[in-house]
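Below you'll find the structure, written out as structure tokens, and then a few comments.
Each reported figure results from applying straightforward, stated rules to the coordinates on display, with no laboratory input. Model, not experiment: these values are computed from the prediction. Positions of Cβ are generated from backbone atoms using ideal geometry, with glycine treated the same way; all protein chains shown enter the neighbour counts.
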């Protein structure tokens with residue numbers, strides 16, 4: 001009886017598959033580490049391009065929901081140093097009914113914790129007048145009715161209130177860290 005020599009082909013194929021699998025695994029791990037490193041480098045570069053303490057849109061947007069209407073207000077002054085009036089970009093969203101009829105200039109009040117209160121003189125410039133997704137810029141002079149600046153060095157909080165939007169009183173508040181640097185720079189002109 002002649003014994004057949006065991007074939008080495010299955011062994012070689014098995015080893016080749018193991019080496020290939022290990023290579024693919026190593027490549028994917030290296031690729032993931034490279035992607036993470038590149039993302040960290042992009043974030044570091046973006047942070048380096050942003051001045052210390054400079055706010056972003058994400059920092060400055062405030063949102064509220066009620067009465068089937070979502071509202072968001074973006075405080076524009078920290079992003080637009082050339083702006084002389086106090087300015088807010090306001091966004092409405094609803095999926096039942098319409099948001100086209102609201103006159104924000106008549107529904108707005110601006111207050112601070114340092115005693116300023118503005119109830120008149122608002123202007124509303126519509127940017128999008130869609131019945132379900134409306135947006136625009138709400139502006140008001142940076143001085144109250146007595147001529148006193150709304151934001152002074154001691155101001156720690158600025159609150160925009162919009163009355164009766166979908167039957168709900170909306171308040172949007174920004175803290176001192178977003179007001180610092182605005183005192184004395186606003187109100188010396190008429191608008192943008």
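Note on the stretch 57-179: Kirkwood radius taken over Cα pairs, Stokes-Einstein applied at 20 °C and 1.002 mPa s, translational D equal to 147 µm² s⁻¹. Ranked for footprinting exposure by Cβ neighbours inside 10 Å, fewest first, 95, 132 give 95, 132. Rounded to the nearest 0.05, the FRET efficiency derived from the C-beta distance between residue 124 and residue 79 at R0 = 25 Å is 0.85.
Take the Cα of residue 113, step 7 Å toward its Cβ, do the same at residue 16, and the gap between the two points is 7.3 nm.
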